[in-house]
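Step one of this worksheet: look at the structure below.
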Amino acid sequence: MHTRRMIPLSEWMRQHHGVAHSSTVRLAGYDVHAVRTAIASGAVTRVRRSWLVGRECSGERRQAAQAGGRVSRITAARELSLWTPDATHTHIAVPGTASRIRNSGLIVHWARGPIAVPSRSAEEPLLNVLFHAARCLEPERAVLIWESALHGGLVSAGQLQRVAWHSGRATRIAEVASSLSDSGLETRFLWIMREIGVVVQQQIWIDGHPVDALIGERLVIQSDGFAHHSTAKDRRRDLSADARLTLLGYTVLRFDYHQLLFDPVGVQSTIRMAMAQGLHLQEARKPNRR
């Protein structure tokens, strides 16, 4: 009879993001002696009596374990490489029966997401991360996280629409989110336009090339990300694309990261002025000359 060879507990912890409840470790086949040996060697540390963390455990996950919870919302979204707004606090989800937590560096989420999670689990499912984002973030910021999950193929729009969210905000975001946005900035622009009732077509192909958005028949919108134009070659490519569209009779407006995130009123004002001049129409009105 052959006995299954166990990998060192420190390696098993590394494969599990460096954090686990002691009961989970036992279920994986590690006895009390293995745990004590790992702790004695410094490879594993015990926190909050029943939680274990390894050397590779992130600071955020360690904070969550110390509070008896798991990373959620923006913190979990960042680990999944989703687009997230800047945040200085660690977001964690805890069971409804957990005691109150006094830690100024933590934002604690008590609400239960659509997926039931055992209190000893160190992982928060994606749907729960989206649920907490919808409940606690401004809608336009929450939808950035949702659409980046869609665009990354982590979930489909159809799946989101069938979930029983038990949250009006999450349900509304599921209804409007799509996988068309290449970046969070395009999603942000779409939301800004919805606020003023402007209909936007996304990912339209013109003369064999894609554009981020089109308003009406002739107003092209391009969104430049934070790291956009990292090289002169990229900048020249975009200038050539803008010139090509202009010669075809389109008006091209570009908005950068700062404008879309921090000056939405200015973006709306620019779009309204362009539309007032008829630049979104097939035949733009020409100014009267006397």
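For HIS109, the residues whose amide H sits under 5 Å from its own are ILE92, ALA93, VAL94, ignoring neighbours fewer than 5 places away on the same chain, with H placed 1.01 Å from N.
Farthest toward the positive end of the dipole of region 145-290, out of LEU160, MET275, LEU261, is the Cα of MET275, where the dipole comes from beta carbon charges about the Cα centre. Once R0 is set to 41 Å, what does the formula 1/(1 + (r/R0)^6) return for the Cβ-Cβ distance between SER22 and LEU80, expressed as a FRET efficiency to the nearest 0.05? Calculated transfer efficiency: 0.95.
The rule of thumb for compact globular proteins, 2.2 N^0.38 Å, goes into the C-alpha radius of gyration of the chain 1.30 times. Most fluctuating residue of ALA213, ALA93, ALA232 in a GNM of the chain with Cα springs under 10 Å: which is it? Of ALA213, ALA93, ALA232, the most mobile in the Gaussian network model is ALA232.
At an R0 of 30 angstrom, the distance between the Cβ atoms of ARG172 and SER240 translates into a FRET efficiency of 0.15.
Loop-resident GluC sites (Glu not before Pro) (DSSP state other than H, G, I, E or B) in region 161-251 with no more than 15 further Cβ atoms inside 10 Å of their Cβ: GLU217. In this simple spin-label model, placing a label point 7 Å from the Cα along the Cα-to-Cβ direction at both ARG5 and ILE206 gives a separation of 6.3 nm. Alpha-carbon geometry of region 161-290: the Rg and the Dmax are 16.5, 63 Å, given in that order.
Along the axis of the charge dipole computed for the chain (Cβ charges of +1 for Lys and Arg, -1 for Asp and Glu, origin at the Cα centre), the listed residues VAL32, ALA67, ALA241 are led at the positive end by VAL32. What does the charge dipole of region 131-207 about its Cα centre add up to, to the nearest 20 debye, if the Cβ of each Lys and Arg holds +1 and the Cβ of each Asp and Glu holds -1? My answer is approximately 380 debye. Solvent exposure of the chain, expressed per residue, is 56 Å² of accessible area, with all protein chains present and a 1.4 angstrom probe. Across the accessible surface of the chain, with the other protein chains kept in place and a 1.4 Å probe, carbon and sulfur atoms take up 51 percent. Under a Gaussian network description of the chain, with springs only between Cα atoms under 10 Å, the residue in GLY42, GLY54, GLY216 that fluctuates furthest is GLY42.
Taking only DSSP H segments of four or more residues, each worth -39500 (n - 2.57), what value at 222 nm results for the chain once the sum is divided by all its residues, to the nearest 500 deg cm²/dmol? Helix contribution divided over all residues of the chain: -12500 deg cm²/dmol.
The values are calculated or read from the model by the stated rules, or taken from the named source; none is laboratory data. Everything numeric here is computed off the predicted structure, so don't read it as measured data. Virtual Cβ from ideal backbone geometry, glycine too; neighbours counted across all protein chains shown. Quick note on the areas: whole protein, heavy atoms, side chains included, nothing else; ligands and nucleic acids left out. Shrake-Rupley method; radii C 1.70, N 1.55, O 1.52, S 1.80 Å.
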